[in-house]
Amino acid sequence: MACRRAVAQMKGTVAARWHRISGRCSQAGGLLLAFALVGLKAACSREPSDKKLRAQATSSEAQSRRAAEEQRQTALIQRLAAVDGLEHVLTRFVDSCVRPYKRSVFENRSSPYLMTCSMRAVAYFGVHDDMANVLRRIREAHIATWGPQDGEGRDLPQAAGTVTYALSYHRARGRAPDGSPMPAPTLEATGLRIDWDRTTTPVPHRVADPTPCPPPEFGLYQHCSTISETPKSLAAARAHYGTLLSFTLSGSSASSTDNYFTVPAGSDHPAIAARMRPLICSIRSRIGRRPSPPVTSPVDVCGQPAAGRP
């Protein structure tokens, strides 16, 4: 009996020590797993390099969308050029891909994108007819819905951005009934804006010259080009025609934003997670997970029963 009690006590001592050792191993494994997960989170939060983003900016998908956006904007410019009384002078295209604006530490929201690509064009035309006649023809060309309209497709009375308001402005020579200057007229639509010289109104105005092309090192990708069908500069065109009209285009017809191509934040996380998965699964197996379940059971990425499942 004494011998049996000694053996039992020895077994109990060995079992207790084994549990303590097993517990320490589990704790160590748990710490390793925690460190691995922290490393995974840090890797996922790290922004990709400029080289990787430039590769995406020149990828086949980006090039395809870039070509489609340029074709869309060019088609709209050609429709305006077909309006009688206008002659195309030049068009400036600026295409760029940049990282989003970084908000300050006091702003909670962050951009959902790692990179955005947008295209902007400004086309200049010489006006060789009365501006009121040209405005009517622009409306008849149905290039866009200019300004707010009612349910029957008519311009809202005195609403800025409409052809109706622009015509009223020119009839009144830019003065309200009380003699005060009227707000400047422009034609506005989603992603589109038409402006023109007004030198005889109470507040003289000239359309702005095209901005200089950004330097080659600007952003992650940029391309700037000027298309001119005549050798005239804007100054020479203004002297020749008397009035210049500008047509500004930006944004995409398929989106309310100005971006034709974006790289969402977190788009490279699956690849990072795939590289970390073998390490995480190895640590988890050393901690002492449950045996492998039947094939029909829901499993996680390490082949273990999914959390919360029987």
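Some observations on this one:
- Total formal charge among the other residues, if their Cβ is under 14 angstrom from that of residue 137, Lys/Arg +1 and Asp/Glu -1: -2
- The convex hull built on the alpha-carbon positions of the range 135-257 has an orientation-averaged projected area of 10.6 nm².
- Residues 213, 117, ranked from the fewest to the most other C-beta atoms within 10 Å, line up as 213, 117.
- Each Lys or Arg adds one and each Asp or Glu takes one away; over the other residues whose Cβ falls under 12 Å from the Cβ of residue 91, this sums to 0.
- The range 60-104: translational diffusion in µm²/s, Stokes-Einstein, Kirkwood Rh over Cα pairs, 25 °C, 0.890 mPa s: 186
- Among the trypsin sites (Lys or Arg not before Pro) found in the range 168-269, those both in a DSSP coil and sparsely packed, with 13 or fewer other Cβ atoms within 10 Å of their Cβ, are 173.
- Packing-based exposure ordering (other Cβ within 10 Å, fewest first) of 217, 70, 47, 61: 217, 61, 47, 70
- Column: log10 I(q)/I(0), Debye, Cα scatterers of the range 192-236, q = 0.17 Å⁻¹: -0.77
- Theoretical gain in end-to-end length, residue 205 to residue 51 [0.36 nm per residue, Cα-Cα removed]: 51.1 nm
- Paramagnetic label reach from residue 68 (point 7 Å along Cα→Cβ; backbone nitrogen cut-off under 14 Å): within the range 192-232, no residues.
Bear in mind that the values in this text are calculations on the coordinates, not laboratory data. Small disclaimer: the values here were computed from a predicted structure and weren't measured. Quick reminder, even Gly has a Cβ in these numbers, built from the backbone with ideal geometry, and neighbours come from all protein chains shown.
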